[in-house]
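The values are calculated or read from the model by the stated rules, or taken from the named source; none is laboratory data. Because the structure is a prediction, the values reported are computed rather than measured. Note that we place each Cβ from the backbone using ideal geometry, even for glycine, and neighbour counts take in every protein chain shown. Surface accessibility is based on the protein's heavy atoms, side chains included, excluding ligands, DNA and RNA. Shrake-Rupley method; radii C 1.70, N 1.55, O 1.52, S 1.80 Å.
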Amino acid sequence: MGDVLPDLGAVFWPVGTGDSSTVVVTDEVLVQVDLNDRAKADDDDTPEVPVVDLLLEALPTGPDDRPFLAAFVLTHADKDHCSGFADLLEKATIGELWATPRMWREYLDDGEDVELCEDAKVFHDEVKRRVEAVKKAVAGGDEIALGDRVLVVGYDTDEQKHAYHDLPNEYLLKPGISVTKINGVDYAGRFEAFIHAPFKDDCAAKRNETSLSLQITLTEEGGQDGKVLLFGDLAYETIMKIFQYSEDHDRTQYLEWNLLLAPHHCSKHVMYVREGGKDVLKTDILEAFEHHARDGSVVIASSHPLPATDVDGANPPHKKAADRYKDYFDRFICTMEWPSVEDPSPVVLGVDEHGAQIVEDKVVELSAKSAEAARAAGRKLGRLSEVAAAATAAGRYAGGVVSISETAGMTGAERVQAVIKADRGSDAAPTNAVGFGRER
């Protein structure tokens, strides 16, 4: 058991209803799955959370002396999954983008009037640029330039109509395969992403049902590992198809999980189907989740606090979905309620020699303060600690402890310190590192 957060893990940011998950593979290799930076959003009822500014402070410096993110994975192009991407692209170098074919189909079906938010349009433009850059480099026998890599993940029956069709096979990934490379470098034995979806049959479905679905496995040097299931905004039918297909093809190892990010922000449509004007519970999907859960598993809802009661037609999160998860699993965490609605902290999954476990909120808090103290002393803690510190600041913003106006003009690190000061009533932060212990 070490005296700081481990080197390997994932951070689930408290950003309201939306996804921002950062996977720390090594000190220099981070993978961002979706982004929900609402600092420039036009939703009046959503707290302003400067995720991009805070994330930039936690990223390593790349070979071009800019903040470096090894890969950005977009599950689908909804606003609550890609808000802030344009800002991130402008301020950081992103080694590799993972995109699904759905973006091309939307433009093909709807032309330039496609209903996409500005960040989604920027993402698609960047993906198209990278497709051409990769094809040009391959044709010329050249190395792929920094910030030009792209992977197109999933099937589309219209694939031959799109420019990405001409990419070499290594840049076209289909469901049913494992990926161990990030930005062209192989991290086998440390990182593995198994692609579950999108399926060919769903390529023309609604956007949510074309979400990229992954199982991510992080393995510590001693062989202990942690597994995370990410289903984007998929609903009952497609998720059951994933379970059935993997079980039928003897791939049950890719269904195991220590942490399940509740699909579609704890939506009831994961386990309830509308029949005869009523929501009918489908226990088979809950039993599938349960069957493949590992000991100590935890369900995370990346959402606003759960409602006291559900209102017909309301968006997620849904109380009845949370109640069903609680019926089947010992631990359920809502990001905007962890550890309290007034004082949210990031949910951190750490992987060390003891295995995978959720880091308790008090340890994350102390680690964040230790990270800031380390910065003040001219040193840094491990990358997981840095990201956790940044996400802790995001939680304080979302919880209303520090207002945006109070921190205007500050760097991300200065904002973290402002958050700590507001939270503790002083600038003081402990200089001793904190322990990373198994959750009891």
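Over the stretch 287-391, give the accessible area per residue in Å² for a 1.4 Å probe, as an integer.
Heavy-atom SASA per residue in the stretch 287-391 reads 39 Å².
If I compute solvent accessible area with a 1.4 Å probe over the protein chains, what percent of it on the stretch 229-269 is carbon and sulfur?
Ligands and nucleic acids excluded, carbon and sulfur reach 40 percent.
Any idea what the dipole of the stretch 233-358 comes to, in debye rounded to 20, about its Cα centre with Lys/Arg Cβ at +1 and Asp/Glu Cβ at -1?
360 debye
If packing is taken as the average number of other Cβ atoms within 10 Å across a peptide's residues, how do 388-394, 313-319, 220-226 rank, most packed first?
By packing density, highest mean first, the sequence is 388-394, 313-319, 220-226.
Based on the mean of other Cβ atoms within 10 Å per residue, sort peptides 97-106, 361-370 so the most packed one is first.
97-106, 361-370
For the stretch 147-216, which whole percent of the accessible surface, found with a 1.4 angstrom probe, sits on carbon and sulfur atoms?
Of all accessible area on the stretch 147-216, carbon and sulfur atoms account for 45 percent.
Taking amide H positions as placed 1.01 Å from N in the peptide plane, with prolines and chain starts having none, which residues 5 or more places from GLU96, or on another chain, fall under 5 Å of its amide H?
ALA71, PHE72
Leaving ligands, DNA and RNA out of it, report the carbon-plus-sulfur percent of the accessible area of the stretch 283-388 at a 1.4 Å probe.
48 percent
For a 19 Å ceiling on Cα separation, which of these pairs sit above it: LYS135/LYS161; LYS91/LYS135; LYS79/LYS320; LYS268/LYS319; LYS174/LYS282?
Distance filter (> 19 Å) returns LYS91/LYS135; LYS79/LYS320; LYS174/LYS282.
Roughly what % of DSSP beta bridges within the stretch 193-325 run antiparallel, to the nearest 5?
In the stretch 193-325, approximately 65 percent of DSSP beta bridges are antiparallel ones.
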